[in-house]
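One structure below.
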Amino acid sequence: MTGLTSIRTSRNSKIEIVDQLLLPHTTEFIEIDTIEQAHDAIKSMKIRGAPAIASLAALTFSAYLTRALQASPAPAFLSSPDTLKAHVLPLLDFLYSARPTAVNLGAATRRLTKTLQASVDAGKDAKTIAQDLIAEGKNIDGEDVGRNKEMAKQGGEWLINHVKSHDKTGEDLNVLTVCNTGSLATSGYGTALGLITYLHETGKLGKAYFTQSAPYHQGSRLTSLELQTLKIPNVMICDTMVGSLFQNHKIHAVAVGADRIAKNGDTANKIGTYNAAVLAARHNIPFIVVAPVSTVDLDIADGTSIPIEQRPPIEACLVRGALHPPSLNVHGEKEQAVVMITPSDLEGIYNPSFDVTPADLITAIVTEKGVAVREEGELVFDLSSVV
């Protein structure tokens with residue numbers, strides 16, 4: 001099965017991203033030529049998903065250095081290791097500032113910083129150091145698809161066995177997810193949506209349920225499109241319908257992604273995840289977090305130290321979509337519009353992009369290295385086996 005693509009590259013270092021603000025009605029690729037354009041695309045959510053924004057940052061940084069090496073005359077910052085270091089460190093800091101909650105972005109910039117310092121310490125010249133950074137940036141992007149498939153398999157098999165252990169067949173599993181964690185949020189296949197895809201590919205899935213995920217509607221706009229593309233049976237629900245779904249339908253698990261996981265297992269994810277976790281606990285439904293090792297931040301003890309991004313208040317007042325009934329523009333594409341759904345002078349708008357789910361509400365945390373579960377009676381995770 002072939003999924004959707006969030007980033008595409010060419011041999012001449014050309015980078016394009018699909019503008020996710022226009023999906024699902026219009027598929028438009030935007031060329032990213034500069035560090036500033038990458039920062040804007042991440043901050044404005046033209047591209048989103050913790051792994052995907054880390055890939056874009058790393059690839060754009062690599063492309064920037066590739067153009068510098070090809071320039072004639074060479075830019076001044078390539079004159080020595082010290083001038084190179086002084087030039088690129090602020091660029092990495094700038095990229096990280098685009099979305100600070102997503103630890104993958106920070107992990108990517110720290111990894112590039114570490115490569116820079118190691119190459120400087122090894123006594124390499126500026127151009128060789130730049131080549132090392134280019135290779136590392138491409139590695140950060142290239143590793144994503146393989147690890148996504150591995151964690152999807154690990155999480156999928158764990159869920160099948162978990163259901164079987166409760167005297168059930170492990171067939172026709174219904175799984176709810178929040179936001180979008182598929183190919184559009186990663187370099188391919190996905191994390192939590194990858195788990196659902198794995199269950200579908202192995203014939204174990206009943207239906208995939210997903211929340212609309214307001215206010216950006218990543219579920220109704222993006223997850224719906226991915227599931228349709230993959231021909232996976234699916235059902236959309238409004239965010240406020242999670243409790244009703246659990247009361248009236250058999251749901252075998254909730255699978256979500258993560259933008260940051262603290263040392264104790266507290267997890268920051270798209271706003272609404274905590275709500276789903278509380279309701280899942282009430283209904284004894286396993287709650288599974290699926291994320292790469294790079295999402296685990298062992299430097300913070302618990303979720304209270306995770307920075308929560310506050311989005312502009314206006315974003316909670318607006319909805320973008322296609323006109324209904326459909327109307328086509330001169331290019332044969334559906335006309336789209338942004339409409340305000342609140343009074344124009346509304347005050348006191350609370351619009352965090354993420355919430356934190358405490359570890360004691362999480363059943364399992366899955367990375368490409370395995371599955372961590374809490375020991376009986378423990379309220380926190382030991383993540384040493386999966387990082």
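The values are calculated or read from the model by the stated rules, or taken from the named source; none is laboratory data. Owing to the predicted nature of the structure, the values given are computational and were not obtained by experimental measurement. Positions of Cβ are generated from backbone atoms using ideal geometry, with glycine treated the same way; all protein chains shown enter the neighbour counts.
When restricted to residues that are without any contact (Cβ under 8 Å) to a residue 40 or more places away in the chain and among the charged types (D, E, K, R), segment 285-337 contains 2. When we screen 225, 245, 298 for residues that are out of contact with any strand residue (DSSP E or B) (no Cβ under 7 Å at 6 or more places or on another chain), surrounded by 17 or more Cβ atoms within 10 Å (Cβ to Cβ) and of a type in the set (A, V, I, L, M, F, W, C), the only hit is 225. The residues of segment 334-387 that are more than 30 Å from residue 155 (Cβ to Cβ) and surrounded by 16 or more Cβ atoms within 10 Å (Cβ to Cβ) amount to a single one, 334. The residues listed here are 291, 316; of these, the one that is in contact with a Pro (Cβ under 6 Å, 6 or more places away or on another chain), under 24 Å from residue 46 (Cβ atoms) and either surrounded by 13 or more Cβ atoms within 10 Å (Cβ to Cβ) or modelled with pLDDT under 95 (or both) is 316.
Among what's in segment 137-166 and is charged (D, E, K, R) and in contact (Cβ under 8 Å) with a residue 40 or more places away in the chain, pick the residue that is surrounded by the most Cβ atoms within 10 Å (Cβ to Cβ). Ranking the candidates gives 144 first. The condition of being under 26 Å from residue 210 (Cβ atoms) and assigned to a helix (DSSP H, G or I) holds for only one of 160, 129, that being 160. Going through segment 35-87 one residue at a time, which ones are surrounded by fewer than 18 Cβ atoms within 10 Å (Cβ to Cβ), of a type in the set (Gly, Ala, Ser) and within 18 Å of residue 184 (Cα to Cα)? Result: 44, single match.
In segment 7-30, of all residues being over 22 Å from residue 335 (Cα atoms) and of a type outside the set (Val, Ile, Thr), the one that is modelled with the highest pLDDT corresponds to 16.
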